[in-house]
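A short worksheet on the structure shown next.
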Amino acid sequence: MSRPVKKVPLHINSSQGRLLIKGGKCVNDDREFSADIYIEGGVIKELGQNLIIPGGTRVVDAKGKLVIPGGIDTHTHLQKPVEVTPVADDFYHGTKAAISGGTTMIMDLVMEKAGVSPLEAYDKCRELADAMVCCDYGLHMTISGWSEQVAQEMDLLVKEKGINSFEVFHAYKGVLMLDDSDVLKVFSKAKELGSLAMAHCENGEIIEQKADELFDLGITGPEGHALSRPEEVEGEATYRAIVLANQARCPLYVVHVMSKTAANFVADAKKKGHVVFGEPTAASLGTDGTSYFHSCWKEAAAHVTSPPLRPDPSTPGCLMNLLANGDLQTTSSDNCTFTTTQKALGKDDFRKIPNGVNGVEDRMSVIWEKGVQSGKMDACRFVAVTSSTAAKIFNIYPKKGHIGVGSDADLVVWDPEATRTISAKTHNHACDFNIFEGMEVHGVPVVVISGGRVVKDEEGLHLTQGSGQFVPTPPNAPYVYGRVAARDQALAPQKVDREPYTGPVVELAVKVDNVKVTEAAPALSPDIVHRAPTRSGGRNMQESSFALSGEQIDDSKPRNQSRVTNPPGGKSHGLW
């Protein structure tokens with residue numbers, strides 16, 4: 001599909017074409033170092049001290065600050081056609097909020113209603129996003145049905161459209177959910193293409209049944225959402241997805257890990273050598289699910305997301321520990337916002353509350369506060385979990401997620417000592433509620449540079465709608481597939497070489513249902529429930545001979561015509 005060439009204002013290309021970030025400490029995922037950064041044409045041209053730069057270059061003072069790669073939010077929903085109401089944060093408002101928080105690239109999930117082909121959904125999403133995004137973006141593709149056409153379109157999406165990740169849903173029965181046989185086919189196809197399988201892990205069958213049961217009991221409020229999706233329901237589906245991916249020998253990326261049970265399954269699988277990645281969210285790292293039981297309906301409904309936040313208040317700390325030590329690898333916002341009036345579609349039925357929370361603006365600061373400020377991770381690990389590892393997994397490293405010559409100039413001047421208080425009154429989202437309301441966080445992006453342009457500084461945001469670029473994600477990422485070939489070879493089934501059997505083989509007579517019989521079976525009445533014959537071909541004595549018609553199962557056999565006057569043992573009457 002042809003797209004019009006985007007026209008970017010001249011001042012963006014001219015006055016901000018050359019930048020020097022001076023005096024800061026650069027932080028990559030593997031080291032910290034002091035260096036000035038010279039930027040030209042949207043890429044990093046030089047790193048070092050006492051750089052000789054052209055006249056007219058704008059200087060950004062980073063003294064006493066950190067300079068880090070711009071954040072990569074691996075999972076957003078800035079369009080969601082499967083919902084009955086549009087998301088509040090579209091591609092413009094969502095990327096605006098992202099930049100404000102220090103994220104310079106988002107990865108959105110292409111979703112469409114049943115019957116829409118993946119290629120058609122991709123084209124519609126690209127058309128929406130290209131006209132609205134304020135920062136760079138990539139895409140994942142949802143697979144909500146399986147057919148030969150879908151398999152062919154997956155080929156085209158990988159080879160021609162810049163997609164290397166496909167997500168399946170174990171939940172949302174009747175809308176997005178696939179059964180296990182189709183999930184296995186998607187995973188096998190993804191492996192064939194050198195792409196990454198992604199999974200939304202909840203047991204949709206259990207959820208549907210429990211949700212209906214709770215509603216019938218009169219539980220109609222947001223607490224029903226959490227009660228219908230208990231932690232073990234997420235855990236079971238996570239384990240199942242890991243098993244299916246391992247059987248397909250396909251790398252797996254588990255999106256929005258929300259519980260300790262699911263996180264531990266991911267960690268255990270990695271210890272066994274599985275190629276699996278886990279992605280907690282800003283919400284699951286920064287807050288818990290106790291708000292579902294709040295007496296204020298608005299407060300409770302604002303937290304409704306799937307999988308739900310867990311009421312166990314120790315969950316965020318546990319997930320942060322696993323993220324800090326490498327058992328979980330990346331972080332997302334799973335940003336999918338709705339206003340209170342939109343959430344009110346489910347005011348009388350929790351099953352109708354639109355699912356989703358905010359996070360794309362606050363992800364970086366929440367992780368700094370809960371991870372670095374708390375002493376659980378250092379600045380290098382922070383860079384890894386907010387950008388670098390994502391860039392490696394989705395095969396855009398070192399273009400993204402890295403400070404180095406030739407890398408994209410997506411950078412953040414980060415003040416680790418500054419603080420701010422999160423509030424819906426000051427955030428850049430289009431929704432009217434913030435799940436982190438009132439949280440004071442350390443770590444503030446004071447300058448944000450996207451594509452070599454200063455898009456945030458002390459004067460505020462400087463955004464141009466449509467200025468972001470689509471970033472293709474090539475297949476066969478070394479970080480993901482680097483050991484897959486050797487692993488496949490090591491785990492390949494081996495035939496056992498042995499001498500052929502030369503002994504006698506029993507000769508089978510006529511078979512009925514693979515059971516040997518020695519005589520022709522009688523015609524079977526439809527009124528009688530029949531069991532298979534015994535191994536010797538005789539009648540199974542556990543089989544009922546009763547039929548409503550009065551017919552006996554052995555009516556076709558001749559009967560003994562002699563009358564028995566005395567039963568065995570003699571008469572049972574008379575005098576003795």
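The values are calculated or read from the model by the stated rules, or taken from the named source; none is laboratory data. Everything numeric here is computed off the predicted structure, so don't read it as measured data. Note that we place each Cβ from the backbone using ideal geometry, even for glycine, and neighbour counts take in every protein chain shown. Surface areas here come from the heavy atoms of the whole protein model, side chains and all, with no ligands, DNA or RNA. Shrake-Rupley method; radii C 1.70, N 1.55, O 1.52, S 1.80 Å.
Return the residues of the stretch 455-483 that are of a type in the set (Lys, Arg) and open to solvent by 40 Å² or more (accessible area, probe 1.4 Å); say none if nothing qualifies.
Narrowing the stretch 455-483 to residues of a type in the set (Lys, Arg): 456, 483.
Listed by number, the list holds a single entry, ARG483.
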Exactly one of (1) in contact with a Gly (Cβ under 7 Å, 6 or more places away or on another chain); (2) under 20 Å from VAL480 (Cα atoms) is unmet by LYS173. Its number?
(2)
So, in the stretch 370-385, how many residues would count as being touching a helix residue (DSSP H, G or I) at 6+ places or on another chain (Cβ under 8 Å) and closer than 9 Å to VAL441 by Cβ?
1
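Here's the yes/no breakdown for (1) open to solvent by 60 Å² or more (accessible area, probe 1.4 Å); (2) outside any helix (DSSP H, G or I):
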position	(1), (2)
GLU205	yes, no
LYS210	yes, no
LEU214	no, no
THR220	no, yes
GLY224	no, no
GLY235	no, no
TYR239	yes, no
LEU244	no, no
Output the number of the condition that PHE436 fails; it satisfies all remaining conditions of (1) under 26 Å from ASP30 (Cβ atoms); (2) open to solvent by less than 10 Å² (accessible area, probe 1.4 Å).
(1)
Where residues in the stretch 37-62 are closer than 23 Å to ILE99 by Cβ and not aliphatic (A, V, I, L, M), which of them is surrounded by the fewest Cβ atoms within 10 Å (Cβ to Cβ)?
GLY41
Please find, within the stretch 321-347, the residue that is nearest to ILE206 (Cα to Cα) out of those that are out of contact with any strand residue (DSSP E or B) (no Cβ under 8 Å at 6 or more places or on another chain) and open to solvent by less than 20 Å² (accessible area, probe 1.4 Å).
GLY346
Output the helices (runs of 4 or more DSSP H) that fall wholly within the stretch 349-415 and possess 1 or more residues being surrounded by fewer than 24 Cβ atoms within 10 Å (Cβ to Cβ), or say none.
379-383, 389-393
Scan the stretch 447-459 and tell me whether some residue there is part of a loop (DSSP other than H, G, I, E, B), over 21 Å from the mean Cα position of the chain (by Cα) and hydroxyl-bearing (Ser, Thr, Tyr).
no
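Among the small types (Gly, Ala, Ser), under 25 Å from LEU196 (Cβ atoms), surrounded by 16 or more Cβ atoms within 10 Å (Cβ to Cβ) and within 22 Å of the chain's Cα centre (by Cα): does that describe ALA97?
Answer is no for this residue.
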